[in-house]
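Throughout, read-outs are computed from the coordinates displayed, never taken from laboratory work. If you're wondering where the values come from, they're calculated on a predicted model, not measured in any experiment. Neighbour counts run over all protein chains shown; Cβ positions are idealised from the backbone, glycine included.
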Amino acid sequence: MSTSERVLLANIERPESHALSTYEGAGGYRTWRRVLAEQSPQEIQDLVKASGLRGRGGAGFPTGLKWSFLATDRPGPIYFCLNADESEPGTFNNRILMELDPHQVLEGLFLSCFATRASIAYIYLRYEYPLAYVRLQAALDACYAAGYLGRHILGSEYSLEVYLHRGAGAYICGEETGLIESLEGKRAWPRIKPPFPAVEGAFRRPTVVNNVETVACVRHICERGSEWFRSQGVPPDPSNPRDPGSFGPKLYCLSGHVARPGCYEAPLGLRVDELIDELGGGVWQGRRAKAAIPGGISMGLLRSDEFSCRLDFADPLKYGCLGLGTAAVVVLDETVSMVDFLHNSCQFFAHESCGQCTPCREGTAWSLRLLERICAGRGRLKDLELLLEIGDTMGILPGTTICGLADGAAWPIKNAIRKFRGEFEDYLRRTNPEGYRAEQPVWALLSESEA
Amino acid sequence: MGSVWVDGHEVEIRDGERLNGIQAAARVGIDIPHYCWHPGLSVVASCRMCLVETGRRNPATGEVTMLGKLVPACQTPAADGTVFVTNSVAVVEARARVEEGLLLRHPVDCPICDKAGECRLQDYFYQHGQPERRADIQPFTSRRRALGDTVTLFVDRCVMCSRCVRFCREVTQTSELMVINRGAHEEIEVFPGFPLSNPLSGNVVDLCPVGALGDRDFLYNQRVWFMRSHEHVCAGCATGCSIFVDENQDRIYRLRPRENPYVNQWWMCDAGRYGWKHAFDPQRLIEPRMRRGEGLASIEWEEAIRQLDAALRQVERLTVILSPFLTVEESYLLATYARQVQPHATLVLGPVPEQGEDQSFAGGFVIAAEKCPNRRGVAAVIAALADRDLNWDAWLAEQPGRGNWDAVWWAGGYPRPWQDSRALQALAQAKLVIVQDLFASPLTERADWQLPATAFAERAGSYVNRDDRLQSFAWAIRPPRGVLSEGQLYWRLLGREGMYQARAVLAEVASQIVFFSAAHEPVPAEGVDLRIKQLS
């Protein structure tokens, strides 16, 4: 693996790393001053486009391209939403950035707003991050006081207001348009597209929604240039014309059954086994790994013999996973029951489905009921086929839902059963020897609330 | 001008026409099942029942490129060159799965559900459902709660299409209804202390594609397959909503709006919806009576018609008061008859009840302040046949001391007893008073002749609404035994042969009176705009 310098995490070990003075002492807001004085929004947009930066929130959409979709012919302001509703299980890279280096995030946010000509920005912060809330608000106050934010910033023509908005604890608010609806004070039901947020977003105005880590990257691209950014990561796959490549540094969240869990910075394209063994110190307690989640639970599963998978935007797809996601790797050791894993996953998605589209609302609830019954020792072989059918038919990829939550719910089901089929069948045979091949309907299982 | 293809059928789209896949398919008779989409509400594309495959046809080569995944037809514009496939294996399977999902927690209590028989969940299950139930979830609960005075929610039957929520937000803009909880625990609810209470609340029951919302007035009164639906027109106000009268054995059970883009779109107001009760009021007049000494005595219709005709031919000055509840045909026949017995008979437009001000809703639906269906039509008949235009107030103003008439025929049909002392005073001076109305009132007490009238659903004929749109309808129920309809009575008085036929009379009216000249037979279901001919 490459041993590049730390960029995104460069400051976090300094004492009082969240303070403005510490950040300024390490060269903070110098880029913001320079860009305001010397550069135009279009130049920054072109720079980001040239860098090949792709969104760090999960989908990996090219950031510069997203910005270029903004409708400029509309009256009224352009809004910028910073998606800090980091709720994907296993993911905490945004949290580290916001708690330990909030000014890096804010400088990236200011630069991104400048580039998109946004005049108002909202930080949509996950409710469960109280420290990040306090530190971001303190950082914003310090920026207003220092003149980095507000009207006619640093004597320039540009004005920007930033509001810190706290969510109420729903996973769906991390979805771009769910976030916008929630920000508007509505139920976070993702919107149908078109119109896309770049044309009609928050309060029916053109809106950009970007992830915290994405804007942090923008800050470094503005400082070091696009060539520096493109020098890290994985170039486009020549055999795939639709792959724009995966460039730049990335924060990897490593958790689960590893010796040294934590947030590690490395260029995109780090292999899973490199991350676990070299950065994370290997599987804990001397055990062997059974599987790993490549990028948050919704991306699916990698078997331990698939750990050569590179963590970039293209490689996980080749292993049957949904994508890179948030690059949050959760290691499962050999003692973990995949049935329990899937039960847990189904519980999460049944709880978090917003309930708008029928296939997701009913599919997540039904898969949970099936798993509950399997775990209660009344599973049948054909339940696995049913689960796979539910998994294969919900989501935006088959076209049956509005947003990607259902895909995220489907992938753990599909990967767990397809990659660990034998374990599921053994479990069914062991727990329900009489009925595991039964074709007859079974009595329904009462959930606790109904019993 | 453009073309889209639905299952190989070409559908022509006119310039400026904005259709979605469901509407384009309907043009060639292909029904794409859907729950959440409604032409009068915003598109949410959430039920996913209308999933289809789509693609584009290259205009040069005719080659079709498919998108490769399912899309909701409601959200997909039928733009030139769009191809829809609604019968592929993928579409059929997707529909079956959505239907299966919706039935997972549905109680399937059809035997006690009011919607059974007209329920989309039922219909689509037969048309698109899985052959057998694979789910092991048995719904146990049958929770219900009132959302307001008009509507009850059956929580477990709901499929979360959110039509009712959108209606209250987008049309009435009162926003009483909302969705609470998340995922499979979602429910429709009102905020505590703010029940569903708006002038159009009953429409959410029509909008509900399943049995989740029950009309408290209709609940458990009748199975829908026992009822016959008759196209009719609401007589509640001058808007003249197109409606269905749903009846069984001459007993009305409910009124429903009938889609009419020119009048009421898809809606009707609660006042109109529940405003049919007077037709079954036991206090209604149900037989003709004539004065004999101090009191009024029953008389057979044959005898009544003969004697009435004879009496009227002896009076010198006759005034006929035509209420705005009469149809065009009825008022025309009565006016014609009056002119026949007395060539200079005075024709007066009866009192026009008004209440409040016009109430407009988003999308153009209006509840009119004028609480009668046919002021425009009756006034036009009077204008054409009378020597001079007279309305009720002008006629009353002329009365004191003049007494230049000696017979008055009050052709009422008001849905409430008529209480007006001025009317009574004016009529008291006449030698011969004929009162035809639905209910007994001081006027009927004073009358020398008391004739029963028919209620709106018992009439056949045409109304002209506030925008000069004429809508025709046939009777939906028969009047109570003993009541001869106005049209039949006037027809007989005129000495015409056979039965009263509203359609034939309308043709006569159209040929005689310019105002009605656009009302050619057959009048289409959405009515005809009389202003077209007036302008030309």
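With the highest mean first, a sort of the peptides B:374-385, A:262-273 on other beta-carbon atoms found within 10 angstrom per residue produces B:374-385, A:262-273.
For the residues of B:97-105, the average number of beta carbons from a partner chain within 10 Å of their own beta carbon is 5. Cα centroids of region B:1-42 and region B:47-62: 12 Å apart.
Averaging the sequence gap over all C-alpha pairs within less than 8 Å and six or more residues apart, then dividing by the number of residues, gives chain B a relative contact order of 11 percent. Set the Förster radius R0 to 45 Å, insert the Cβ-Cβ distance between B:ARG216 and A:ASP141 as r into 1/(1 + (r/R0)^6), and round the FRET efficiency to 0.05. So, using R0 = 45 Å, E works out to roughly 0.20. Per-residue mean of foreign Cβ neighbours for B:69-79 is 2 (Cβ atoms of other chains, 10 Å radius). Calculate the tail of P(r) for chain B: the fraction of all Cα-Cα distances greater than 34 Å, expressed in %. Roughly 48 percent, once rounded to a whole number. Averaged over residues, the count of other Cβ atoms within 10 Å places the peptides A:119-130, A:5-16 in the sequence A:119-130, A:5-16, highest first.
Between A:ARG260 and B:PHE194, the FRET efficiency estimated from the beta carbon spacing at R0 = 60 angstrom works out to 0.65. Centroid-to-centroid, using Cα positions, region A:283-343 and region B:109-142 are 41 Å apart.
Report, in degrees rounded to the nearest 10, the 0 to 90 angle that the Cα long axis of helix A:358-373 makes with the longest principal axis of chain A. That helix lies at roughly 50 degrees to the long axis.
Net charge of the neighbourhood of B:ALA184, taken over other residues with C-beta under 11 Å away and scored Lys/Arg +1, Asp/Glu -1, is +1. A simple spin-label model places pseudo-atoms 7 Å from Cα toward Cβ; at B:ALA96 and B:GLU132 they are separated by 1.3 nm. For region A:321-400, rounded, prolate or oblate, judged on the Cα gyration tensor with a ≥ b ≥ c (square roots of eigenvalues), a/c < 1.5 rounded, else prolate if a/b > b/c? Taking the square roots of the gyration eigenvalues as a ≥ b ≥ c, region A:321-400 is oblate. The distance linking region A:8-36 with region B:487-503 is 96 Å (Cα centroid to Cα centroid, whole angstrom).
Taken residue by residue and averaged, Cβ atoms of other chains lying within 10 Å of the Cβ of A:364-372 number 3. Look at the alpha carbon pairs under 8 Å that are at least 6 residues apart: their mean separation over the length of region B:289-535 gives a relative contact order of 19 percent.
Judged by the mean number of other Cβ atoms found within 10 Å, the most tightly packed of the peptides A:193-206, B:305-318 leads the ranking A:193-206, B:305-318. Isolated cysteines in chain B, defined as those with no second cysteine Cβ under 4.7 Å, comprise B:CYS50, B:CYS74, B:CYS110, B:CYS113, B:CYS119, B:CYS158, B:CYS164, B:CYS168, B:CYS208, B:CYS237, B:CYS269, B:CYS372. Using a simple spin-label model with pseudo-atoms 7 Å out from Cα toward Cβ, A:ARG429 and A:SER21 lie 6.9 nm apart. Once both labels are positioned 7 Å from their Cα atoms along Cα-to-Cβ, the gap between B:PHE226 and B:LYS69 label points is 5.0 nm.
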